[in-house]
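Enquirer: Here's a structure for you.
The values are calculated or read from the model by the stated rules, or taken from the named source; none is laboratory data. This structure is a prediction, so every number in the text was calculated from the model and none was measured. We place every Cβ from the backbone using ideal geometry, glycine too, and count neighbours over all the protein chains shown. When the accessible area is computed, the model is the full protein with side chains, heavy atoms only, and any ligands, DNA or RNA have been set aside. Shrake-Rupley method; radii C 1.70, N 1.55, O 1.52, S 1.80 Å.
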Amino acid sequence: MDKQRDLLQRRLSRGEALKLAAVVGGAGLVAGPASVADAARAHLAAETGALQVLDWAGYGNDGGQSMFVQYVKTHSQNKPKFTYMTNESDALAKIHAGLKPDLFRPYVGWVKYFATSGLVQPWDTSLIPNFKHLNPFMVKAGQYNGKQYGIPDDWGFDAILYRTDKVKPKSRSWSLLFDERYKGKIAWFDDLGMLVMTGLYLGFKDPWNQTDAQLQQAQKLLVAKKHLVRLIWSSETNLWEAFGSGDIWIAYAWPNDWVQMKKKSLPVVYMHPKEKPVAWVGMFMLLQGTPRHDLAHAYVNAWSSARSAKWLEDNYGYGHANTLARPASSDLLHALQLTNPKAVTEPNAHLDRDIPRRAVYAKVWEEVKAA
């Protein structure tokens with residue numbers, strides 16, 4: 001019991017400990033740490049109901065259980081209940097429509113947007129014991145004005161997946177997604193990030209903050225090449241079906257898509273274009289006013305463990321911010337440069353970032369799809 005009390009007290013921030021001391025009153029102050037720890041247990045017990053998690057498909061009870069198994073073991077009365085998001089704009093729309101998740105997982109390019117939106121609050125990292133093992137560079141990317149709004153966990157790249165028995169690239173470039181030789185065999189991703197990728201291909205200095213003229217140029221190219229595209233995917237399942245059946249030979253894709261096609265014994269390459277891939281880092285965010293504040297921290301701590309990290313790397317082919325984890329596959333270790341703490345930034349990749357005119361980009365992308 002004493003060990004449990006010591007562990008629980010170490011998890012409390014100074015502010016939380018003072019609050020709990022106030023709750024137990026003067027007697028608690030006199031009795032010392034044990035009473036504060038007892039109050040902390042009561043505080044945790046007061047958080048009731050299922051933890052509400054808004055996340056991507058594949059990370060809930062549809063295959064991702066290993067990522068939060070430790071949370072379920074210790075909080076069996078507060079098992080997570082999942083709602084799925086297809087991208088950050090979809091998550092934002094769901095929240096504005098009345099969904100009240102306790103936490104969700106947008107990506108690094110949205111940190112500033114959500115931190116300034118009033119929808120989320122900073123994390124108390126003292127309640128996440130595994131936080132100390134997370135990649136410092138990625139941890140910093142989750143900060144805004146010195147506060148930790150995002151807890152980094154999964155990471156990977158937007159790059160190009162293609163079949164080596166069907167496709168012969170003229171160069172190692174994003175241009176493969178616009179190659180006239182492969183009409184009807186190409187898949188794009190349904191996200192305004194397609195405009196960023198096009199900006200990289202066109203050589204724009206800052207594809208995340210294009211001028212009106214640059215956006216018009218990117219849009220013109222996408223519209224002109226749209227006739228080559230068989231699928232604009234938002235669900236990886238749809239991409240896997242199309243690619244696995246042979247309908248698609250070239251795709252804007254993520255590392256897990258390469259892993260899944262390798263499992264189908266297809267001859268595939270995950271190509272990093274010469275213009276560099278776009279790197280992303282998943283950032284758990286805590287919703288403002290959540291009634292399950294500490295449970296959310298416990299869930300993220302489970303996700304952040306070395307055991308969960310290794311499972312993610314071995315099964316989904318993504319990197320993980322926990323620097324202690326290593327995948328079983330040496331090929332994956334090399335492909336993701338897991339020993340390089342800055343694999344997601346220059347000179348290896350462009351780390352995704354805030355888009356100041358996000359609403360304009362979204363409108364332009366919708367116009368591309370409607371063209």
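Enquirer: Could we say that ARG292 is touching a Gly at 6+ places or on another chain (Cβ under 9 Å), open to solvent by 20 Å² or more (accessible area, probe 1.4 Å) and either farther than 30 Å from ILE232 by Cβ or not polar (S, T, N, Q) (or both) here?
Expert: Against the criterion (touching a Gly at 6+ places or on another chain (Cβ under 9 Å), open to solvent by 20 Å² or more (accessible area, probe 1.4 Å) and either farther than 30 Å from ILE232 by Cβ or not polar (S, T, N, Q) (or both)), ARG292 qualifies.
Enquirer: Of the residues ASP153, ASP179, which single one is among the charged types (D, E, K, R), out of contact with any helix residue (DSSP H, G or I) (no Cβ under 7 Å at 6 or more places or on another chain) and in contact (Cβ under 8 Å) with a residue 12 or more places away in the chain?
Expert: Result: ASP179 is the single residue among ASP153, ASP179 that is among the charged types (D, E, K, R), out of contact with any helix residue (DSSP H, G or I) (no Cβ under 7 Å at 6 or more places or on another chain) and in contact (Cβ under 8 Å) with a residue 12 or more places away in the chain.
Enquirer: Let me spell it out: the conditions are (1) surrounded by fewer than 21 Cβ atoms within 10 Å (Cβ to Cβ); (2) under 19 Å from PHE68 (Cα atoms); (3) of a type in the set (S, T, N, Q), and SER305 meets all of them except one. Which number is the exception?
Expert: Condition not satisfied by SER305: (1).
Enquirer: Within the range 74-105, how many residues turn out to be within 23 Å of GLY319 (Cα to Cα), open to solvent by 60 Å² or more (accessible area, probe 1.4 Å) and either in a helix (DSSP H, G or I) or not aromatic (Phe, Trp, Tyr) (or both)?
Expert: So the answer is 1.
This table checks each residue for (1) at pLDDT 50 or above; (2) within 31 Å of the chain's Cα centre (by Cα); (3) over 30 Å from ARG353 (Cα atoms).
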{"residue": "LYS3", "(1), (2), (3)": "no, no, yes"}
{"residue": "GLN9", "(1), (2), (3)": "no, yes, yes"}
{"residue": "VAL30", "(1), (2), (3)": "no, no, yes"}
{"residue": "ALA45", "(1), (2), (3)": "yes, yes, yes"}
{"residue": "ALA50", "(1), (2), (3)": "yes, yes, yes"}
{"residue": "PRO80", "(1), (2), (3)": "yes, yes, no"}
{"residue": "THR83", "(1), (2), (3)": "yes, yes, no"}
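Enquirer: If you don't mind, another one. Restricting attention to the range 238-255, does a residue exist that is within 30 Å of LYS112 (Cβ to Cβ), among the charged types (D, E, K, R) and touching a residue at least 60 places away in the same chain (Cβ under 8 Å)?
Expert: no
Enquirer: In the range 303-320, how many are farther than 12 Å from GLN260 by Cα and part of a helix (DSSP H, G or I)?
Expert: 9
Enquirer: Given the condition in contact (Cβ under 8 Å) with a residue 60 or more places away in the chain, surrounded by 15 or more Cβ atoms within 10 Å (Cβ to Cβ) and in a helix (DSSP H, G or I), answer yes or no: does some residue in the range 265-280 qualify?
Expert: No, that holds for no residue.
Enquirer: Further question on the same structure: Is there a residue in the range 336-356 that is over 23 Å from VAL111 (Cβ atoms) and modelled with pLDDT under 90?
Expert: So far as the range 336-356 goes, yes, one or more of its residues are over 23 Å from VAL111 (Cβ atoms) and modelled with pLDDT under 90.
Enquirer: Quickly run through the range 225-242 and pick out the residues that are part of a helix (DSSP H, G or I), closer than 19 Å to ALA57 by Cα and either basic (Lys, Arg) or in contact with a Lys or Arg (Cβ under 8 Å, 6 or more places away or on another chain) (or both).
Expert: ALA242
Enquirer: So, one more: Does LEU287 qualify as being within 29 Å of PRO80 (Cβ to Cβ) and touching a helix residue (DSSP H, G or I) at 6+ places or on another chain (Cβ under 9 Å)?
Expert: In short, yes.
Enquirer: In this structure, is ARG307 basic (Lys, Arg) and closer than 29 Å to ASN78 by Cβ?
Expert: yes
Enquirer: If you scan the range 184-201, which residues turn out to be open to solvent by 10 Å² or more (accessible area, probe 1.4 Å), part of a helix (DSSP H, G or I) and among the hydrophobic types (A, V, I, L, M, F, W, C)?
Expert: Answer for the range 184-201, where residues must be open to solvent by 10 Å² or more (accessible area, probe 1.4 Å), part of a helix (DSSP H, G or I) and among the hydrophobic types (A, V, I, L, M, F, W, C): just LEU200.
Enquirer: Could you list all residues from the range 325-343 that are assigned to a helix (DSSP H, G or I) and open to solvent by 80 Å² or more (accessible area, probe 1.4 Å)?
Expert: SER330, ASP331, HIS334
Enquirer: Do you know which of the residues in the range 106-163 that are in a strand (DSSP E or B) and among the polar types (S, T, N, Q) is most open to solvent (accessible area, probe 1.4 Å)?
Expert: So the residue we want is GLN143.
Enquirer: Separate question: Tell me whether the range 244-251 contains one or more residues that are buried (at least 18 other Cβ atoms within 10 Å of the Cβ) and part of a helix (DSSP H, G or I).
Expert: The answer is no; no qualifying residue exists.
Enquirer: Same structure, new question: Just to verify a result, which residue in the range 344-367, among those that are under 11 Å from VAL278 (Cα atoms) and out of contact with any helix residue (DSSP H, G or I) (no Cβ under 6 Å at 6 or more places or on another chain), is surrounded by the most Cβ atoms within 10 Å (Cβ to Cβ)?
Expert: VAL344
Enquirer: So, in the range 252-264, how many residues would count as being outside any helix (DSSP H, G or I) and open to solvent by less than 20 Å² (accessible area, probe 1.4 Å)?
Expert: So the count comes out to 2.
Enquirer: Follow-up. Among the listed residues SER117, SER126, SER89, identify the single one that is at pLDDT below 95 and either farther than 18 Å from GLN52 by Cβ or in contact with a helix residue (DSSP H, G or I) (Cβ under 7 Å, 6 or more places away or on another chain) (or both).
Expert: Testing whether each residue is at pLDDT below 95 and either farther than 18 Å from GLN52 by Cβ or in contact with a helix residue (DSSP H, G or I) (Cβ under 7 Å, 6 or more places away or on another chain) (or both) leaves just SER89.
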